[in-house]
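These notes are about the structure you will find just below.
The values are calculated or read from the model by the stated rules, or taken from the named source; none is laboratory data. Given the structure is predicted, the values throughout are model-derived calculations rather than measurements. Cβ placement follows ideal geometry from the backbone for every residue including glycine, while neighbour counts extend to all protein chains displayed. Ligands, DNA and RNA are excluded from the accessible area calculation, which covers all protein heavy atoms including side chains. Shrake-Rupley method; radii C 1.70, N 1.55, O 1.52, S 1.80 Å.
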Amino acid sequence: ALSMLALSVSFLRGARHITRRLARISDTMTAIHHGDDQARAQDDESDEIARLARHFNELLDALATQNRARLAAQKDVAEEASRRRALFAMNRDGIVVLNTDCSVFEANPRFAEMLGYTPEEMAQLHIWDWERNFTPTQLLEMARSVGPEGELFETTQLRRDGTRYPAEILSSWVEWGGQTYFMCSVRDITERQQIAAELE
């Protein structure tokens, strides 16, 4: 009976020790779940539970490294997008991005100002709402035939108030997110034509 009692006490102590060690791993998982990326399981022994804790820590280290790399990549993408957005918004020329059906995907403030619209109003338009030298059918065909190297041509564009101005267009197609768009850089060449006429 004494032997059985001693064995039971020894077993209970061992079980309690194992339970505490497993609880430390569980506490580490809880800490990670609550945002403590530095939490690690502590176990200085050399049995299966200790190996489990070490493997668990190695997995956490690998995940932390991947997360840091992902955050750094996201930061780089956000900074690049911010730089491109600033260039798009501050460009002295008008810039308009068209869908394949020639509806406006996006226009920078300068182009909206040239036509007398807001950028939000531009999103409701098609290219033939301001382009007057070509029919809608011709414009669709021209858009589909534009190469990646771009095309340069002159045309006449209609403002919201009914006035017109001569424009120089540099158009090309671009791909974003698996979608094809047509980008046009638009420059008002009224002054240039006036100077040329005076010189002539």
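Quick notes on this one:
- Members of the stretch 100-132 found to be open to solvent by less than 50 Å² (accessible area, probe 1.4 Å) and among the polar types (S, T, N, Q), listed by number: 103, 108
- Here the strands (runs of 3 or more DSSP E) wholly within the stretch 147-200 that include at least 2 residues being of a type in the set (Asp, Glu) are 151-158, 164-176.
- Some residue of the stretch 184-196 being open to solvent by 50 Å² or more (accessible area, probe 1.4 Å), touching a residue at least 24 places away in the same chain (Cβ under 8 Å), within 24 Å of residue 119 (Cβ to Cβ) and under 32 Å from the mean Cα position of the chain (by Cα): yes
- Near pairs, Cβ below 7 angstrom, 6+ apart or cross-chain, from the stretch 52-67 (closer than 15 Å to residue 36 by Cα) to any residue that is assigned to a helix (DSSP H, G or I) and open to solvent by 40 Å² or more (accessible area, probe 1.4 Å): 60/32
- Scanning the stretch 116-136 for residues that are of a type outside the set (A, V, I, L, M) and under 26 Å from the mean Cα position of the chain (by Cα) turns up 118, 119, 120, 121, 124, 126.
- The single condition among (1) touching a Lys or Arg at 6+ places or on another chain (Cβ under 9 Å); (2) at pLDDT below 90; (3) outside any loop (DSSP other than H, G, I, E, B) that residue 143 does not meet is (1).
- Hits in the stretch 152-168 - residues which are open to solvent by 50 Å² or more (accessible area, probe 1.4 Å) and in contact (Cβ under 8 Å) with a residue 40 or more places away in the chain: 159, 160, 161
The rows are residues; the columns are (1) open to solvent by 60 Å² or more (accessible area, probe 1.4 Å); (2) without any contact (Cβ under 8 Å) to a residue 24 or more places away in the chain; (3) of a type in the set (S, T, N, Q); (4) farther than 18 Å from residue 114 by Cα.
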{"residue": "143", "(1), (2), (3), (4)": "no, no, no, yes"}
{"residue": "147", "(1), (2), (3), (4)": "no, no, no, yes"}
{"residue": "150", "(1), (2), (3), (4)": "no, yes, no, yes"}
{"residue": "170", "(1), (2), (3), (4)": "yes, yes, no, no"}
{"residue": "198", "(1), (2), (3), (4)": "yes, yes, no, yes"}
